[in-house]
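No value in this document is a laboratory result; all are computed from the given coordinates. Small disclaimer: the values here were computed from a predicted structure and weren't measured. In this analysis, Cβ positions are derived from the backbone assuming ideal geometry, glycine residues included, and neighbour counts consider all displayed protein chains.
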Amino acid sequence: MPTVTFTLPDGTARTVDSTGCETLMHVVIRHDIAGVEAECGGQLVCATCQVYVDAPWEAALPAASDDEQDMIGDLAVEVRPESRLACQIRLTPALDGLSVRVPARQR
C-alpha cells in the first residue's frame, strides 16, 4: 500500500505507511496524526478530517462528491480549492507518495 506524507501546520512532515487502511482517515487514526480530529469516524457528517491535497496529487484523486463539497463548504475552516475530507479519499497503489497538508485548525 502507499506511503502518505502529512505536513503539519508547524512544517513538520511525517511519512507513514498506509498498509491495511482503506481511507486516508484510517491512516490518520492509526498513526495519530495531530490536527486531524476525524470525529465522526468516516460517516461524512462532521468535516473534522479536512486536509489540503498537494497540487501534484489533486488530479490523481477522483473529484469530490457533491456531499463532500457541501460538508466542506458548510463546516470546514479555511476552505481552499485543494480541501478534501480524508474520510473520502480511498487509498490505492496509484496514490503511493500522496502528500497532504494538515490545516491549522479543523473548526
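Within the bounds of the stretch 42-54, is there any residue that is closer than 17 Å to S18 by Cβ and in contact with a His (Cβ under 8 Å, 6 or more places away or on another chain)?
Quick first cut of the stretch 42-54, residues closer than 17 Å to S18 by Cβ only: 42, 49, 51, 53-54.
Narrowing further to those that are in contact with a His (Cβ under 8 Å, 6 or more places away or on another chain): 42.
Yes, there is a match, as at least one residue in the stretch 42-54 is closer than 17 Å to S18 by Cβ and in contact with a His (Cβ under 8 Å, 6 or more places away or on another chain).
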Subject >> Cross-chain or 6+ apart pairs with Cβ under 7 Å, the stretch 80-103 first and over 14 Å from V27 (Cβ atoms), then acidic (D, E) and exposed (fewer than 13 other Cβ atoms within 10 Å of the Cβ) >> reply: P103/E78
Original post:
If you scan the stretch 7-63, which residues turn out to be under 13 Å from Q88 (Cα atoms), surrounded by fewer than 18 Cβ atoms within 10 Å (Cβ to Cβ) and touching a residue at least 60 places away in the same chain (Cβ under 8 Å)?
Top reply: E22
Original post:
Just one of C46, C21 is closer than 20 Å to A104 by Cα and either in contact with a helix residue (DSSP H, G or I) (Cβ under 8 Å, 6 or more places away or on another chain) or of a type in the set (D, E, K, R) (or both); which is it?
Top reply: C46
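For the chain, give me every one of the strands (runs of 3 or more DSSP E) that falls completely inside it and has 2 or more residues that are among the β-branched types (V, I, T). It would help to see each step written out before you state the result.
Values: elements: 3-7, 13-17, 50-53, 83-85, 98-101.
Correct list: 3-7, 13-17, 50-53.
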Subject >> Filter result for D10 (within 19 Å of E78 (Cβ to Cβ) and acidic (D, E)) >> reply: yes
